1. Using the Cα atoms of region 1-75, I'd like the radius of gyration and the largest Cα-Cα distance, Dmax, both in angstrom.
2. Angle, helix 49-78 long axis vs. longest principal axis of the chain, Cα atoms, 0 to 90°, nearest 10?
3. Run the helix sum for the chain: -39,500 (n - 2.57) per DSSP H stretch of 4+ residues, divided by residue count, reported at 222 nm to the nearest 500 deg cm²/dmol.
4. Hey, fewest Cβ within 10 Å first, where do 39, 34 land in order?
5. Given the options 30, 59, 40, which has the most mean-square fluctuation in a GNM of the chain, springs set between C-alpha atoms less than 10 angstrom apart?
6. Given contacts defined as C-alpha pairs under 8 Å and at least six residues apart, what's the relative contact order of the chain, whole-number percent?
C-alpha cells in the first residue's frame with residue numbers, strides 16, 4: 001500500500017513540475033499559453049484522446065528531465 005501511495009505522489013509531482021515548467025518556458029519565450037491548454041482541460045478537447053495523452057506525456061517527460069537535472073546538479077556539487 002505504501003508503494004502505491006508513493007507512486008501516486010511521485011506521478012503527481014512529476015506532472016506538476018512538467019506543467020509549470022512548460023508554462024514558464026512559453027511565458028519567457030513571449031508565446032504565452034494558459035495552464036488549461038497545456039494540461040488539456042478544455043471541454044472541447046476531451047473528445048480528442050490523443051491530444052490529451054500527448055499533453056500529459058509532454059508534462060511527464062519535462063518533469064522527469066527537471067528531476068534528473070536536479071539530481072545530476074546535486075551529485076556534481078556534492079562531489
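1. For region 1-75, the Cα-based Rg and Dmax read 14.0, 44 Å.
2. 20
3. -27000 deg cm²/dmol
4. In order of increasing Cβ crowding within 10 Å: 34, 39.
5. Among 30, 59, 40, the largest GNM mean-square fluctuation belongs to 30.
6. Rounded, it is 38 percent for the chain.
Values quoted throughout were computed directly from the atomic coordinates according to the rules given, and no laboratory measurement underlies them. All of these numbers come straight from a predicted model, not from anything done at the bench. Counting neighbours? That spans all protein chains shown, and the Cβs are built from the backbone with ideal geometry, glycine included.
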